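Every number in this text was worked out from the coordinates using simple rules, so none of it is lab data. The shown structure was predicted, so the numbers you read here are calculated from the model rather than taken from an experiment. Don't worry about glycine lacking a Cβ; one is built from the backbone with ideal geometry, like all the others, and counts go over all protein chains shown.
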């Protein structure tokens, strides 16, 4: 285990996960440059790249992908999150997903209301 992965909160969130989720681009880049693992899942099975996708931190999603984050890891995956919230450009251009990846994924409209 790397030093950058050893400090976690009770939920298993690493420093990288907390940084990415909070939108701290410079800190996220620094942790990645020091070897933090972009594919670590927390205790709930959530990935770092899915959290950044959910929060709308597209710049951080791009940096995580440049460091080989797996957009299919975790539940829901970053691909599923992008599909759920209509982030088509991010889904296709950054995460490498397609509509075919979203067959069983619920979709949410404005305000988090499920599409019918």
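If the segment from residue 25 to residue 39 were pulled out straight at 0.36 nm per residue, it would be longer than the present Cα-Cα gap by 3.3 nm. Ranked for footprinting exposure by Cβ neighbours inside 10 Å, fewest first, 41, 32 give 41, 32. Legend: ranking of residues 81, 63 from fewest to most surrounding C-beta atoms inside 10 Å; resulting order 63, 81.
Legend: ranking of residues 44, 77 from fewest to most surrounding C-beta atoms inside 10 Å; resulting order 44, 77. Our summary gives segment 3-99 a relative contact order of 23 percent, counting only alpha carbon pairs under 8 angstrom and 6 or more residues apart.
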